[in-house]
Amino acid sequence: MEVSAPLIKNILLLDSEGKRVAVKYFSDDWPNLASKLAFEKSVFTKTQRISARAEAEIGMFDGYVVVYKFISDLHFYVTGGDDENELILATVLQGFFDAVAILLSNVEKKTVLENLDLVLLCLDEIVDGGIILECDANVIAARVAMRGAEADVPLSEQTISQALATAKEHLARNWVL
């Protein structure tokens, strides 16, 4: 019997027109930008008329399980392989959705774009290389907020040694048993 961890193929955050707001792919199933954009368009087109505002919806699109939920002018999607557990994908989606809601006072495209760094940090806290790290929205939001509060120097302006120290500290926090 082979045991494997659930894998996330991608997490998409699209606007009400199907345009990218924040996306992250963890699979080589879409080898280039054109194939990624085609997948995003396909998923958006098939889901745009469905009202997935109160609860997450689940669908099979192009051989993938896609769980999605909408708020305001934003469409949140989590994609897994056709053999992935929909409940796990839905938990990842809800964690992302709720973490963004906790961090931003108003979850709409304009606010998300103004705070895109926080949204991208949420994605980094939730999934790494397709492997689920965290699904609890409160933990995700706290880690993202902590990164912002601890960083005296923006990540882009850190020296190599500062970046390594930050990475070491992050790993130590995440891998304590």
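The values are calculated or read from the model by the stated rules, or taken from the named source; none is laboratory data. Values in this document were obtained by computation on a predicted structure and should not be read as measured data. SASA here: full protein model, heavy atoms, side chains in, ligands and nucleic acids out. Shrake-Rupley method; radii C 1.70, N 1.55, O 1.52, S 1.80 Å.
Structure above, values below:
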read-out	value
Carbon/sulfur fraction of accessible area - segment 15-154, other protein chains in place, 1.4 Å, %	51
Probe 1.4 Å, all protein chains present, accessible-area order of Arg49, Arg143, Arg20, largest first	Arg49, Arg20, Arg143
Amide H contacts of Lys9 (H built 1.01 Å from N, under 5 Å, at least 5 apart or other chain)	Thr79, Gly80, Gly81
Within straight-line cross-link reach of Lys24, lysines at Cα separation under 23 Å, skipping those fewer than 8 residues along the same chain	Lys9, Lys36, Lys41, Lys46, Lys69, Lys109, Lys110
Solvent-accessible ranking of Leu7, Leu118, Leu74, largest area first, probe 1.4 Å	Leu7, Leu118, Leu74
Sequence-distant residues sharing a close amide H with Val23 (under 5 Å, placed H)	Leu13
Computed over segment 1-144: relative contact order in percent, which uses C-alpha pairs under 8 Å that are six or more apart	26
Length gained when the stretch Leu116-Ala34 is fully extended (0.36 nm per residue, less Cα-Cα span)	27.2 nm
Equivalent-ellipsoid semi-axes of segment 7-145, from the Cα gyration tensor, Å, largest first	20, 17, 14
